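So the structure is just underneath, and the comments pick up after that.
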Amino acid sequence: MLTIVALISGSGSNLRALLEACDNPLFPARVRAVGADRPAAGLEHAELFGISTFVLEPAKFSSKDQWADLLIHSIQYHKPDLVVLAGFMRVLPPSVVRAFSGRIINIHPSLLPAFPGAHAVRDTLAAGVNVTGATVHFVDEGVDTGPVIRQREISIPPGVSEAQLHEMIKEVEREQLVEVVRGIAEGKIRLLEDAK
Ligand code: GRF
């Protein structure tokens, strides 16, 4: 059974999809804990599924290093095989990336390497392109730069708003995240540390 710690910042609809998948006894992964960098609304999903949660707000620490150290320890406590960034809107400090090297995945609402960063959907619309999509990728020390695991394209309907397009992408993200976690659990997608 693949064990997971998920990190979120927002509404947690991707987390919810993962928790629902893991609720099926036949699904080969389990979420052991959910962490957040703020009192995120999505923590409620974890609580509903009886999963432990932790909140570590960087502003409440005297330094970013202290925050990163406690984040590492809070994740390590649950001994996860995989760390899933499910809408975690903060760049992980290098020490955190190194602590779970090759075992962290992120979801992103664009076809990376196009439109990295926190405003991917807005930037996509501003660029006037007619295709976008969702990406699942390994996390490295850059911003949305790690190796891509899966991508799926969607067409951008004319006149769509940023919120509408983001919701369309999130529908794809939720499916893709569950598929990738299953693939990792079944050994069909290899973690980077295994590939060394
Ligand atoms: C997703 O679009 C994810 O790619 C981005 O933040 C959004 C999180 O959505 N990083 P939710 O909180 O899972 O609903």
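The numbers here are math on the coordinates, done by the rules we state, and not lab data. What you see is a predicted model; the values in this text were computed from it and never measured. With ideal geometry, Cβ positions are generated from the backbone for all residues, glycine too; neighbour counts draw on all protein chains shown.
For this structure, a couple of remarks:
- For the pair Arg190 and Ser62, a Förster radius of 41 Å applied to the C-beta separation gives a FRET efficiency near 0.55, rounded to the nearest 0.05.
- Estimated vicinal HN-Hα couplings, Hz - the stretch 103-116 in sequence order (Karplus 6.51, -1.76, 1.60; Gly, Pro = x): 10, 10, 10, 10, 10, 9, x, 7, 8, 4, x, 6, 6, x
- Residues whose amide H lies under 5 Å from that of Ile104, counting only those 5 or more places away or on a different chain, are Val83, Val139; hydrogens are built 1.01 Å from N in the peptide plane.
- Additional length obtainable on full extension of the chain from Ser155 to Glu141, 0.36 nm per residue less Cα span: 2.0 nm
- Table column - 3J(HN,Hα) (Hz), the stretch 78-84, Karplus curve with 6.51, -1.76, 1.60, x for Gly and Pro: 8, 6, x, 6, 9, 10, 10
- Here each label is just a point 7 Å from Cα along the line to Cβ, and for Leu26 and Tyr77 those points are 3.5 nm apart.
- Distribution of pairwise C-alpha distances over the chain, 5 Å bins, in %: 1, 8, 17, 20, 21, 17, 10, 5, 1, 0
- Of the residues Pro113, Pro93, Pro157, the one that moves most in a GNM of the chain with alpha-carbon contacts below 10 Å is Pro157.
- Shown here for the stretch 106-196: GluC sites (Glu not before Pro) in loop regions (DSSP other than H, G, I, E, B) with at most 15 other Cβ atoms within 10 Å, namely Glu141, Glu186.
- Near Val143: Cβ cut-off under 15 Å, other residues only, Lys/Arg at +1 and Asp/Glu at -1. The net charge is -3.
- Under 5 Å from the amide H of Thr145 lie the amide H atoms of Asp140, each residue being 5 or more positions distant or on a separate chain, with H modelled from the backbone and absent for Pro and chain starts.
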